[in-house]
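Beneath this line is the structure, given in structure tokens, with notes to follow.
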Amino acid sequence: MQSDVKYRRVMLKLSGEGLMGSREFGLDTEVVGRIAREIKAVVEAGGEVCMVIGGGNIFRGVSVAAKGMERTSADYMGMLATVMNALAVQNALETVGVPTRVQSAIPMPSVCEPYIRRRALRHLEKGRVVIFAAGTGNPFFTTDTAAALRAVEMNCDALLKATQVDGVYSADPKKVPDATRLDTLTFHDVLARDLKVMDASAIALCRENRMPILVFSLQTAGAFSEVIRGRGRFTIIKDEGSVS
């Protein structure tokens, strides 16, 4: 059952905006349910899945801080938004029969587990999905960086960044129709060309720990299952020495 799974343990990074559907803010329960079914298919195929979800659909700390709120307070509010999203996705996953645990970098024992690395690893070994909430627990760090950090800590085979498009392009394909899709990149390429894949600290952390990043679209049915098998449409970002 696991024979064709290329990336067995993966970190799935979802943006908060990816949960909105056609709404202007908040959650679209149909979209959350569809994502839960995509994750279930991967778990049933033998994959081990952990997740980090952004909070931009509820609160975006950086933009609010830019309008006058003190950055640290704004970032903590953003972290709390990620906890709300994590609980929503946990509920959707358990509704379709996938055991799930939420671990928060900011302790809130009445709501979810605190982040404990060994406990999270044990959950993954038991076939549970683990959702890491509240970022790194520190202001000035994005959920991209949290995803890279937890991916390394969980000994993941790859970090999968789910976006609205099927890979990395030379420019925003929604704004530049003739933007070129890139199948393979190095970490250096991403930083040197200032490609907006993830923030620079997340890219640097993945490069230092040789953690490949696969960028794909979760809008396409079955895409997640295909990507963990090394198939389908995605862009892979790898260490310079391992790009063929």
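Averaging over every viewing direction, what projected area does the convex hull of the Cα atoms of the range 60-165 cover, in nm²? Intermediate values should be presented prior to the final figure.
On the way: hull surface 30.7 nm².
If you wrap the Cα atoms of the range 60-165 in a convex hull and average its projections, you get 7.7 nm².
Within the range 9-242, how many Lys pairs sit with Cα atoms under 15 Å apart, leaving out pairs fewer than 8 places apart on the same chain?
Working: Lys13/Lys161; Lys13/Lys196; Lys40/Lys126; Lys161/Lys196; Lys161/Lys238; Lys174/Lys196; Lys175/Lys196.
Within the range 9-242, the lysine pair count is 7.
Taking the Cα centre of the range 9-242 as origin, work out the dipole magnitude from +1 charges on Lys and Arg Cβ and -1 charges on Asp and Glu Cβ, in debye rounded to 20. Don't skip to the end; give the middle numbers.
Numbers: 29 positive and 26 negative charges, 77 e Å.
Magnitude of the dipole: close to 380 debye.
Among Lys67, Lys13, what is the fewest-to-most ranking by other Cβ atoms within 10 Å?
Values: Lys67 7, Lys13 26.
With the sparsest Cβ surroundings first, the list reads Lys67, Lys13.
Convert 10 °C to kelvin, take the viscosity as 1.306 mPa s, use the Kirkwood radius over C-alpha pairs of the chain as Rh, and evaluate the Stokes-Einstein diffusion coefficient in µm²/s, rounded to a whole number.
The estimated diffusion coefficient comes to 88 µm²/s.
What is the set of long-range amide H partners of Gly56 at a cut-off below 5 Å, with H atoms built 1.01 Å from backbone N?
Amide H neighbours of Gly56, under 5 Å, 5+ apart: Gly16, Glu17.
Scale the Cα Rg of the range 38-83 by the rule-of-thumb value 2.2 N^0.38 Å and send over the ratio, two decimals.
Rounded to two decimals, the normalised Rg is 1.64.
Normalised by the number of residues in the chain, what is the relative contact order in percent for Cα pairs under 8 Å and 6+ residues apart?
22
Considering just Cα atoms, how many Å³ per residue does the convex hull of the range 114-220 enclose?
Numbers: hull volume 13.3 nm³, N = 107.
Looking at the range 114-220, the number lands at 125 Å³ per residue.
Among Met198, Ala45, Pro173, flag the residue with its Cα farthest along the positive direction of the charge dipole of the chain, charges on Cβ as +1 for Lys/Arg and -1 for Asp/Glu.
Projecting each Cα onto the dipole axis, the largest value belongs to Ala45.
Values quoted throughout were computed directly from the atomic coordinates according to the rules given, and no laboratory measurement underlies them. Only a predicted model underlies this, so the values are computations on that prediction, with no experimental measurement involved. Methodologically, a virtual Cβ is constructed for each residue, glycine included, from the backbone with ideal geometry; neighbour enumeration extends over all protein chains shown.
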